[in-house]
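Each remark here refers to the structure printed beneath this line.
The values are calculated or read from the model by the stated rules, or taken from the named source; none is laboratory data. None of these values were measured; they are calculated from a predicted model. Heads up, the Cβs are rebuilt from the backbone with ideal geometry, glycines too, and the neighbour counts pull from every protein chain shown. Ligands, DNA and RNA are excluded from the accessible area calculation, which covers all protein heavy atoms including side chains. Shrake-Rupley method; radii C 1.70, N 1.55, O 1.52, S 1.80 Å.
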Amino acid sequence: MRRLIAAIVISLLAWAGQGWAQERPDVRLVVDVSGSMKQNDPNRLSGSALELLVSLMPSGASSGLWTFGSDVSNILPTSRVDESWRRRALALKPALVDYQQYTDIEQAIRTAAQADPASGERHLILLTDGVVDVPAPRGDKQAADAASRRRLLEELAPELANRGVVIHTIAFSPGVDMSLVEQLATMTSGLATVAENPEALLRAFLDVLDRIFPVDQVPLQEGRFTIDDKVDSFSALLFHEPDAPALTLIGPDGQRYTAKDHPDTIQWQAQDRFDVITVPSPGAGEWRIEGNIGGDSRINIDSSLTLRTSEMPTTLYQGFQTPIEAWMESRGAPLTEEEADGLDITAELRTTEDKVIESVPLEREGSHYQGSLPALETLGNARLSVTAQGRGYVRQMHQAVNILPAIDAQLDEDVGRISLRSEHPRIGVDNTQIEAQLQGELLEVAPVGDKRWRIDLPQIDPNVSVPVTLSARVELDGETRILTLPNLQLNADASTGLESVGFDNGLNGQALPGEEALAPEQPSLADRFNTLLSRAANALPQQAQDFWEENPRLQQYFQEHRLAPWFWLLAVIVVIVLLIVRRRRVSQRRRTTHREEPHV
């Protein structure tokens, strides 16, 4: 990996600067050096991350480096990126393995964001295992961690968002506090991703830098791409396997170029896993790449004819449409109606594996084109692409996005509670009603603050897995939206899965995930009778249920003796008596009472 990253440092400089020379953004790398990173980052991806940032940061931008654990250190103050800056940054790699005891994410973000220059748009790239771990002077460690996490989300993130600070989070561990890193990114219009290997890390950095330094591209399909006469230069980043044969670039005139045989005007860096080729004043027509290249390969261009979009969101929400606006400019001015004749612009949402999720043509409104992606059903990382195709040219722009549920629900079975949190900035307690059902019964939903809800769960048979169905009724912009949230499965590891439990309709069982190929295990007579008793308990009057729940000793006695034959017999008698009593009560309620007419 070190050889790979060292190659990236040397070779991607030309590609990184393509189309970015006039930009002066402020990018700050904040790296976790806590003790937990020693276990969660065994491949030392944090060092790889520094080398990637050094290689991909364009000259002329501003950048700095911070490390944090128990303390926060600004080991490379923010300054203009040039060759001197790159050398100093690479010399700091040993500091990234100088591990400390704690993980004070709150103080790290606060310090890096407030460092000079403390104005303008700043992008923080946070690399961490994402677990808040702070010292506790008064001894209550759990309370100290919870308080720091709460300040991060409720105070610091909103404050930084108002000041134009964007936080992009890259986590190194699958056990990361994903809720924390996603919320930090979402609240500040940043990206959140998990990178567990060098390939995922490279992709994450490319996504972040595409967001900070947007640049036009042309489509690359099956090793072919077309350059029009408005393109001043192009830069190709081509990924390939380490032992793959050398690539060949073929121009429209049939001229062949290789890493070893090309004119001095062409810059070509060939490395184990990728090549970077920069061609100034390229000939118009179809160019070809001979050789196998990876899916993340791309062709950046520098042109006077450019694609522009309104600010593309970093976060899309499940169940909500996404408005898109785009237009073409020639030398900084929107195309006239005559110049835009024959222009079509399309917006697409694709998975990270390049599969199309949604595709929508944009409609012309004056010099701009507008449309909306329909309400989404998928979740996770994706790429939002806008493609403009005119007479003799094509332009593309790609941006990474996170697709999140509008309302996130988390089950904590240890305390018997469901916690819900609004992810959408316009959804809250004041305009949203949550409905939850368990076994056909409505559960009480209690608001907690402005954007949270809590559901306390009743006790259920631990041997039965049942779903809690959730939905939300949202009043927004004069319209009512019904959002169906994913079901939460209680006792997911139980041997029996139920869609619902009803005493009159019997048990409706289903196989749990991973059990389809196995023959169903027949429950013992005791287990079946135990389930029957649970169903019978649900049919009891409320007073009897309350008596059962308020007497844990009775419940313990039942668990201890439920395998004894005499206990089954006694229980059968009790159940039969209860059912007879219940049936008689129902029958009596249904009888028509005799009514005597009054007489004088």
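Does the range 148-158 include one or more residues that are open to solvent by less than 60 Å² (accessible area, probe 1.4 Å), in contact with a Ser or Thr (Cβ under 8 Å, 6 or more places away or on another chain) and at pLDDT 90 or above?
yes
Which condition breaks for residue 339 when tested against (1) in a strand (DSSP E or B); (2) charged (D, E, K, R); (3) surrounded by 16 or more Cβ atoms within 10 Å (Cβ to Cβ)?
Failed condition: (1).
In the list 94, 158, which residue meets the criterion of being closer than 25 Å to residue 173 by Cβ and in a helix (DSSP H, G or I)?
94
Kindly provide the set of residues from the range 483-504 that are at pLDDT below 60 and under 28 Å from residue 423 (Cβ atoms), ordered by number.
499
Among the residues in the range 292-299, are any open to solvent by 70 Å² or more (accessible area, probe 1.4 Å), of a type in the set (S, T, N, Q) and within 19 Å of the chain's Cα centre (by Cα)?
Taking every residue of the range 292-299 in turn, none turns out to be open to solvent by 70 Å² or more (accessible area, probe 1.4 Å), of a type in the set (S, T, N, Q) and within 19 Å of the chain's Cα centre (by Cα).
So, in the range 165-186, of the ones that are under 15 Å from the mean Cα position of the chain (by Cα) and part of a strand (DSSP E or B), which residue ends up farthest from residue 300 (Cα to Cα)? Lay out the reasoning, then the answer.
Of all residues in the range 165-186, those under 15 Å from the mean Cα position of the chain (by Cα) come to 167-186.
Restricting the remaining residues to those that are part of a strand (DSSP E or B) gives 167-171.
On the way: 167: 25, 168: 23, 169: 25, 170: 24, 171: 28 Å.
Checked the range 165-186; the qualifying residue farthest from residue 300 (Cα to Cα) is 171.
Residue 345 versus (1) under 24 Å from the mean Cα position of the chain (by Cα); (2) modelled with pLDDT of 95 or more; (3) among the β-branched types (Val, Ile, Thr): which is the lone unmet condition?
The one condition residue 345 does not meet is (1).
Test residue 347 against the stated conditions and say whether it is over 30 Å from residue 192 (Cβ atoms), aliphatic (A, V, I, L, M) and open to solvent by less than 80 Å² (accessible area, probe 1.4 Å).
Taking the combined requirement at face value, the residue does not satisfy it.
When you go through (1) closer than 16 Å to residue 394 by Cβ; (2) free of Cβ contacts under 8 Å to residues at least 40 places away in the same chain; (3) among the small types (Gly, Ala, Ser) one by one for residue 236, which number turns out not to apply?
All conditions are met except number (2).
Could you go through the range 383-396 and let me know if any residue there is outside any loop (DSSP other than H, G, I, E, B), open to solvent by 50 Å² or more (accessible area, probe 1.4 Å) and more than 25 Å from residue 423 (Cα to Cα).
So far as the range 383-396 goes, yes, one or more of its residues are outside any loop (DSSP other than H, G, I, E, B), open to solvent by 50 Å² or more (accessible area, probe 1.4 Å) and more than 25 Å from residue 423 (Cα to Cα).
Within the range 308-324, restricting attention to residues that are open to solvent by 50 Å² or more (accessible area, probe 1.4 Å) and either of a type outside the set (Lys, Arg) or in contact with a Lys or Arg (Cβ under 9 Å, 6 or more places away or on another chain) (or both), which residue is nearest to residue 167 (Cα to Cα)?
Only one residue tops the list, namely 311.
Find the residue count for the range 357-382, including only residues that are open to solvent by 50 Å² or more (accessible area, probe 1.4 Å), at pLDDT below 90, closer than 30 Å to residue 205 by Cβ and not hydrophobic (A, V, I, L, M, F, W, C).
3
Looking only at strands (runs of 3 or more DSSP E) that lie completely in the range 1-89, which have at least 2 residues being buried (at least 18 other Cβ atoms within 10 Å of the Cβ) and either modelled with pLDDT under 85 or of a type outside the set (Val, Ile, Thr) (or both)?
Per the criteria, 26-32, 62-68.
Please verify whether residue 480 is at pLDDT 90 or above and either out of contact with any Leu (no Cβ under 6 Å at 6 or more places or on another chain) or hydrophobic (A, V, I, L, M, F, W, C) (or both), treating the condition exactly as stated.
yes
Could you tell me which of the residues 219, 242 is open to solvent by 10 Å² or more (accessible area, probe 1.4 Å) and touching a Phe, Trp or Tyr at 6+ places or on another chain (Cβ under 8 Å)?
Going through 219, 242 in turn, just one is open to solvent by 10 Å² or more (accessible area, probe 1.4 Å) and touching a Phe, Trp or Tyr at 6+ places or on another chain (Cβ under 8 Å): 219.
Looking only at the range 107-132, count every residue that is under 27 Å from the mean Cα position of the chain (by Cα), open to solvent by 30 Å² or more (accessible area, probe 1.4 Å) and modelled with pLDDT under 85 and tell me the total.
Residues flagged as under 27 Å from the mean Cα position of the chain (by Cα), open to solvent by 30 Å² or more (accessible area, probe 1.4 Å) and modelled with pLDDT under 85 within the range 107-132 amount to 3.
Quick one: is residue 489 polar (S, T, N, Q), loosely packed, with under 14 Cβ neighbours inside 10 Å and out of contact with any Lys or Arg (no Cβ under 8 Å at 6 or more places or on another chain)? Can you show your working first?
Values: polar (S, T, N, Q): yes; loosely packed, with under 14 Cβ neighbours inside 10 Å: no; out of contact with any Lys or Arg (no Cβ under 8 Å at 6 or more places or on another chain): yes.
Considered against the rule, which asks whether it is polar (S, T, N, Q), loosely packed, with under 14 Cβ neighbours inside 10 Å and out of contact with any Lys or Arg (no Cβ under 8 Å at 6 or more places or on another chain), residue 489 comes out as no.
Hey, can you tell me all the residues within the range 196-210 that are surrounded by 20 or more Cβ atoms within 10 Å (Cβ to Cβ) and either free of Cβ contacts under 8 Å to residues at least 60 places away in the same chain or within 23 Å of residue 122 (Cβ to Cβ) (or both)?
201, 204, 205, 207, 208, 209
For residue 288, are the conditions met, namely being of a type in the set (D, E, K, R) and open to solvent by 40 Å² or more (accessible area, probe 1.4 Å)?
yes
The conditions are (1) among the β-branched types (Val, Ile, Thr); (2) within 18 Å of residue 306 (Cβ to Cβ); (3) at pLDDT below 95, and residue 226 fails exactly one of them. Which is it?
Only one criterion is unmet by residue 226, namely (3).
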